[in-house]
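A.B. asks: There's a structure below that I have some questions on.
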Amino acid sequence: MRGAFVLVLGAGVAVAFGLGLWEDGPGTDGSDADADPPIARLAHDGNGGDLSDADPDAAATPTPPPAADVEALVSRVDAALDDDRVDAAARLLLETEVRALESADVRVRVLRVANALVREAADERGARSLEQRLVARRLLSAVYDCEAASRDEHDRAFAECAALHDRLLMASNAPDALVLRHRIQPGDRLWTLAKGPWKESGVTVAPGFVLHVNHISSARRLRVGKTLRVPKERLSLLVRKSRFELSVLLGGSPVARFPVGIGANSSTPTGTFRVETKIKEPPWWFEGRRIPFGDPENVIGTRWIGFEDTADAEGIGIHGTSDEATVGKAVSMGCVRMRRADVEQLFDWVSHGAEIEIRD
C-alpha cells in the first residue's frame with residue numbers, strides 16, 4: 001500500500017521528509033482508499049483529528065495481517081537495517097498498514113528503527129536532523145497508540161517520545177516548524193497573548209503549558225525581554241480505562257501521563273469529548289444539592305475540567321478527589337479522578353475546546 005507521508009504538525013505546519021516522498025496520495029494509484037492506513041498515519045495529526053481514512057471502528061480493532069505478510073515485512077526491515085539503510089527501513093514501516101502493529105515482531109522493528117533514527121539524528125544538523133526525529137516520534141507514537149502493545153512497549157514508547165519532546169521543544173534551539181517565538185514586552189500578559197496574537201497565529205495550547213515548555217514555574221516569574229517558545233501543535237488528552245491512565249498528547253505524541261480513577265460498573269463513557277468548563281475550587285452538585293468547595297461532603301477536589309455535554313457524557317469531567325487512595329480504582333460515578341497535584345497541573349495545561357478521547 002502506498003500513501004503520501006506528510007507529518008502534519010498543527011496550525012497548518014507540515015514537514016515533508018527527506019526520507020522519501022510519494023507522489024500519489026491514498027487511493028490515487030488505484031488502491032482501495034478505504035483500506036487500512038499506514039502505520040505513519042495511526043496517531044492523531046496534531047489538530048485533534050485522526051489521520052486515518054479508514055472506518056474508525058475498524059481502525060480501533062484491526063484484523064491482524066496474514067503471517068506471511070508480517071514475515072516478509074520483518075525480513076525486509078531487518079535486511080535494510082543490516083545494510084545500515086535506516087531510511088529504507090523507515091519507509092517500509094511508514095507505508096505498512098496499521099494492523100501490522102498487532103504483531104509483536106513488527107512493533108519490535110518499529111521501536112528499533114525509531115531508535116536508529118534518533119541515533120543518526122544526533123550526528124546530523126538542521127532540517128535533516130529534524131526530519132529524522134519527527135519520523136522517529138511518529139513511529140514511537142504509533143506503538144504508544146497501539147492497544148496490542150505490551151506494558152513494556154507502552155512504557156518504552158512513552159519514555160522515548162518524552163525524550164524527543166525534550167529535544168524538540170524544551171531546548172532554546174527548538175525548530176521554528178514546531179514553535180512560535182515571542183519576546184516578552186512591557187505590559188504583556190500571558191492570557192492576553194493566548195487570546196490575541198498567539199491565537200491568530202493558530203496556537204491553541206494553554207498559557208500554563210507554554211510556561212512548562214519554557215521551564216518557568218509561574219507567570220509572575222516572566223521577565224521583559226525573555227523569549228518564549230510557544231508550541232504550535234495541538235494538545236489533547238487520552239484516557240485508557242483499562243490502564244487507569246491519562247496521557248497528555250502534543251501533536252498526537254505523548255508528553256506526560258498520570259494515574260487516574262474511573263467510574264464503577266463501566267460508568268465512565270468511551271468516545272471523544274471536548275473541554276467545555278474549567279473551574280477552580282468547584283462546588284459539587286449531588287442529588288440536586290449544591291455542596292460548596294471546602295465542605296467535607298464535597299469530594300471532587302480543587303479543580304474541575306468539565307466535558308461538553310453529550311448524550312453519553314452529561315455532567316462528566318476530570319477532577320481531583322478528597323481521597324487519593326481511589327486513584328487507580330474504578331469507584332467513581334463516572335468521572336475521571338486525579339491526584340491533587342496532577343489535576344492542578346493538567347488544569348493549567350489544557351485549554352477550552354481541547355479534545356479528550358476515552359477508551360476502554
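A.B. asks: Which of the following residues is crowded, with 20+ Cβ neighbours inside 10 Å, of a type in the set (Val, Ile, Thr) and over 19 Å from residue 67 (Cβ atoms): 110, 143, 106?
C.D. replies: Numbers: 110 fails: over 19 Å from residue 67 (Cβ atoms); 106 fails: over 19 Å from residue 67 (Cβ atoms).
Only one candidate qualifies: 143.
A.B. asks: Scan region 339-346 and give yes if some residue there is crowded, with 21+ Cβ neighbours inside 10 Å and farther than 26 Å from residue 210 by Cα, otherwise no.
C.D. replies: Among the residues of region 339-346, not one is crowded, with 21+ Cβ neighbours inside 10 Å and farther than 26 Å from residue 210 by Cα, which makes the answer no.
A.B. asks: Okay, moving on. In the list 313, 325, which residue meets the criterion of being in the same structural domain as residue 277 (by TED's automatic domain parsing) and surrounded by fewer than 17 Cβ atoms within 10 Å (Cβ to Cβ)?
C.D. replies: 325
A.B. asks: Could you say whether any residue in region 158-165 is acidic (Asp, Glu) and either assigned to a loop (DSSP other than H, G, I, E, B) or in contact with a Pro (Cβ under 6 Å, 6 or more places away or on another chain) (or both)? Don't jump to the end; show me each part of the working.
C.D. replies: Narrowing region 158-165 to residues acidic (Asp, Glu): 160.
From the residues that got through so far, the ones that are either assigned to a loop (DSSP other than H, G, I, E, B) or in contact with a Pro (Cβ under 6 Å, 6 or more places away or on another chain) (or both) too are none.
No, region 158-165 contains no residue that is acidic (Asp, Glu) and either assigned to a loop (DSSP other than H, G, I, E, B) or in contact with a Pro (Cβ under 6 Å, 6 or more places away or on another chain) (or both).
A.B. asks: Out of (1) small (Gly, Ala, Ser); (2) modelled with pLDDT of 95 or more; (3) assigned by TED's automatic domain parsing to the domain that holds residue 353, the odd one out for residue 288 is which?
C.D. replies: The one condition residue 288 does not meet is (2).
A.B. asks: Still on this model: Given the criteria over 16 Å from residue 353 (Cβ atoms) and of a type in the set (Lys, Arg), does residue 234 qualify? First the steps, then the outcome.
C.D. replies: Numbers: over 16 Å from residue 353 (Cβ atoms): no; of a type in the set (Lys, Arg): yes.
Answer is no for this residue.
A.B. asks: Checking residue 258 against (1) part of a loop (DSSP other than H, G, I, E, B); (2) surrounded by 16 or more Cβ atoms within 10 Å (Cβ to Cβ): exactly one of these is not met. Which one?
C.D. replies: (1)
A.B. asks: Step by step: first the residues of region 221-244, then only those that are farther than 22 Å from residue 211 by Cβ and either of a type in the set (S, T, N, Q) or under 13 Å from the mean Cα position of the chain (by Cα) (or both), then the one that is surrounded by the fewest Cβ atoms within 10 Å (Cβ to Cβ). Which residue is that? Break it down stepwise before answering.
C.D. replies: From region 221-244, those farther than 22 Å from residue 211 by Cβ are 238-244; that's our starting set.
Still in the running and either of a type in the set (S, T, N, Q) or under 13 Å from the mean Cα position of the chain (by Cα) (or both): 238-240, 242.
Numbers: 238: 20, 239: 21, 240: 18, 242: 9.
By that ranking, first place goes to 242.
A.B. asks: Out of all the residues in region 191-236, which are part of a strand (DSSP E or B) and either over 30 Å from residue 326 (Cα atoms) or in contact with a helix residue (DSSP H, G or I) (Cβ under 8 Å, 6 or more places away or on another chain) (or both)? First the steps, then the outcome.
C.D. replies: Restricting attention to region 191-236, the residues satisfying the condition of being part of a strand (DSSP E or B) are 227-231, 235-236.
Passing the criteria: 227, 228, 229, 230, 231, 235.
Residues are listed down the side, and each one gets a yes or a no for (1) touching a residue at least 24 places away in the same chain (Cβ under 8 Å); (2) assigned to a helix (DSSP H, G or I); (3) of a type in the set (S, T, N, Q):
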position: 115; (1), (2), (3): yes, yes, yes
position: 119; (1), (2), (3): no, yes, no
position: 136; (1), (2), (3): yes, yes, no
position: 140; (1), (2), (3): yes, yes, no
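A.B. asks: Here's a follow-up. Name the one entry in 100, 79, 68 that is aliphatic (A, V, I, L, M), closer than 26 Å to residue 163 by Cα and outside any strand (DSSP E or B).
C.D. replies: Values: 79 fails: closer than 26 Å to residue 163 by Cα; 68 fails: closer than 26 Å to residue 163 by Cα.
Just a single option satisfies the conditions, and that option is 100.
A.B. asks: Take residues that are out of contact with any strand residue (DSSP E or B) (no Cβ under 6 Å at 6 or more places or on another chain) and tell me which of the strands (runs of 3 or more DSSP E) falling wholly in region 288-349 contain 2 or more.
C.D. replies: Values: elements: 289-291, 303-307, 317-319, 330-332.
Counting at least 2 such residues, we get 289-291.
The values are calculated or read from the model by the stated rules, or taken from the named source; none is laboratory data. These figures come from a predicted structure and were not determined experimentally. Positions of Cβ are generated from backbone atoms using ideal geometry, with glycine treated the same way; all protein chains shown enter the neighbour counts.
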